[in-house]
Structures are given as C-alpha cells and as structure tokens.
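Bear in mind these aren't lab numbers, they're just calculated from the coordinates by the rules spelled out. Because the structure is predicted, anything quoted here is derived from the model rather than measured. Here the Cβ positions follow ideal geometry from the backbone for every residue, glycine too, while neighbour counts run over all protein chains shown.
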Amino acid sequence: EIVLTQSPTTTAASPGEKVTITCLASSSVSNMYWYQQKSGASPKLLIYSTSSLASGVPDRFSGSGSGTSYSLTINTMEAEDAATYYCQQWSSNPLTFGSGTKLEIK
Amino acid sequence: QVTLKESGPGILQPSQTLSLTCSFSGFSLSTYGMCVGWIRQSSGKGLEWLANIWWNDDKYYNPSLKNRLTISKDTSNNQAFLKITNMDTADTATYYCARGHNSGFDYWGQGVMVTVSS
C-alpha cells in the first residue's frame, strides 16, 4: 500500500498569502489528485493528473510534482479557501488518501 | 448535470450487514472509462477508499477490509451498491459514493451517515 504523508497537518494563512501543501508518497506514483473538503460538505476535486485544474476551480490553485513528491499551491489565499485538503493516488491498489491538511484563515 | 445520492439504513447493530445504494444521474456506468467508487469518513477523520466498480464490471477492493466488501451495479437503473458484512462500531462513518475516471473522483454524493451500535 502506498502511504501518502501530507504536511503541514494544520496551517493558517492571511488573505493574499501564498500557501503550499506537500504530499509525499512512500513509493513513486504517476499522478496525484487533490481534494478540498469544507466543514460539513463532501470532498471536491481540485486538481487531477498532478497539475490539471478541475472544472470551475479558480486558477489561484495549482498542482505540481513527480515521483514521490507533490504539492498543492494556493497563490493568493482567500477566506473561502479555509478547508481541509487531501491528496490521493490512483497509481496502485489500494487507492489511498493522505491524512489531510487543515487550512485556516488568519 | 451529474448527481449522486447515497442511501442506507442509518443505524445497524454489530455483526449485521450494511447495504448501501448509490443512485446517480447525468452519466452512465456503461461508458468507457467510468467508475463509481465508495469512500468513507469517520467523524473528524480522513478519507478511506473502500471499492470501485468500473464500466466493464471490473471491481477493486481495499484489502484492509478483508473480504467484507461486495460492490455491484445496475447499469440500466443507474445504481451502484456496496455491501459490508460483519459491521462493527469502528465502521461508524459517513459513506460517500463518487463518480471516477482517469481524472479523479469528480462528483461526489452528499454522503450517508451510518452508525453501528447495539
């Protein structure tokens, strides 16, 4: 099983600030997916195939990485971005998620 | 417009079998490359993938649940199903179904809360 380790576990950012969340895989994966989950809501796909923006996602979100190291970046933090973010790999079964990064607004 | 909605018993007793239904619209599970997945989330915890069923009836399961899972589909009625046997209090969670393909799980249901309690 590929274990995905996210960091930080919790962070806070001021409006306009740049935020980067990292996801390290225990083995190489071909792609990474990122989801946003707001309190009481279902997860929402943000990024697929490492760097492609899902439909309707603001372009302040971006993804990058390869092999065992991936990241999600929010270029300019907005209040509505306060949520928990999860990475996920599809490269091998079982499909796994990271443990999440809680992002709060300062 | 793609929508998915989970339904289930809400509460059940330990050792019982959980039967969940995912009713969806806006896509077909007979379309090449399409799948429906089940993912659960315990209160305040992270996401745990359970199983996927694909357009060609391929099925994949999380081995951590040790043969307790059975996923199936009814393509003509746009439904997918998940059964989990021998439920335990540790299986108390919100259960989601989601549409998946090579671009990730792009649509999710609202989730159904399942409580296991004697």
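Results, tabulated for the structure shown:
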item	result
Out of B:Asn56, B:Asn67, sole residue that is on the phi > 0 side of the Ramachandran plot and not in a helix (DSSP H, G or I)	B:Asn67
Any hit, the stretch A:36-46, residues being within 11 Å of chain B (Cβ to nearest Cβ), surrounded by 15 or more Cβ atoms within 10 Å (Cβ to Cβ), without any contact (Cβ under 8 Å) to a residue 12 or more places away in the chain and more than 13 Å from the chain's Cα centre (by Cα)	yes
Residue that is nearest to the chain's Cα centre (by Cα), among those in the stretch A:67-81 that are touching a residue at least 24 places away in the same chain (Cβ under 8 Å) and surrounded by fewer than 17 Cβ atoms within 10 Å (Cβ to Cβ)	A:Thr73
Residue match in the stretch A:1-24 (condition: under 21 Å from B:Tyr60 (Cα atoms), within 12 Å of another protein chain (Cβ to nearest Cβ), touching a residue at least 40 places away in the same chain (Cβ under 8 Å) and assigned to a strand (DSSP E or B))	yes
Filtered residues of the stretch B:17-42 (kept if more than 17 Å from B:Gln79 (Cα to Cα), in contact with a helix residue (DSSP H, G or I) (Cβ under 9 Å, 6 or more places away or on another chain) and surrounded by 14 or more Cβ atoms within 10 Å (Cβ to Cβ))	B:Arg40
Options A:Asn31, A:Asn93; residue that is within 11 Å of chain B (Cβ to nearest Cβ) and surrounded by 21 or more Cβ atoms within 10 Å (Cβ to Cβ)	A:Asn31
Unmet requirement for A:Gly100, which otherwise passes all of (1) under 11 Å from the mean Cα position of the chain (by Cα); (2) over 22 Å from B:Ala98 (Cβ atoms); (3) small (Gly, Ala, Ser)	(2)
Count - residues of the stretch A:7-28 that are buried (at least 19 other Cβ atoms within 10 Å of the Cβ) and under 13 Å from A:Tyr70 (Cβ atoms)	3
Residues (more than 14 Å from chain A (Cβ to nearest Cβ), more than 15 Å from the chain's Cα centre (by Cα) and more than 21 Å from B:Gly100 (Cα to Cα)) located in the stretch B:36-86	B:Asn86
Candidate set: the stretch B:89-115, residues that are of a type in the set (Val, Ile, Thr) and not in a strand (DSSP E or B); chosen: the one nearest to the other protein chains (Cβ to nearest Cβ)	B:Thr92
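Yes or no, residue by residue, for (1) in contact with a Leu (Cβ under 7 Å, 6 or more places away or on another chain); (2) in contact (Cβ under 8 Å) with a residue 24 or more places away in the chain; (3) surrounded by fewer than 20 Cβ atoms within 10 Å (Cβ to Cβ); (4) of a type in the set (Phe, Trp, Tyr):
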residue: B:Thr3; (1), (2), (3), (4): no, yes, yes, no
residue: B:Ser15; (1), (2), (3), (4): no, yes, yes, no
residue: B:Gly44; (1), (2), (3), (4): no, no, yes, no
residue: B:Cys97; (1), (2), (3), (4): yes, yes, no, no
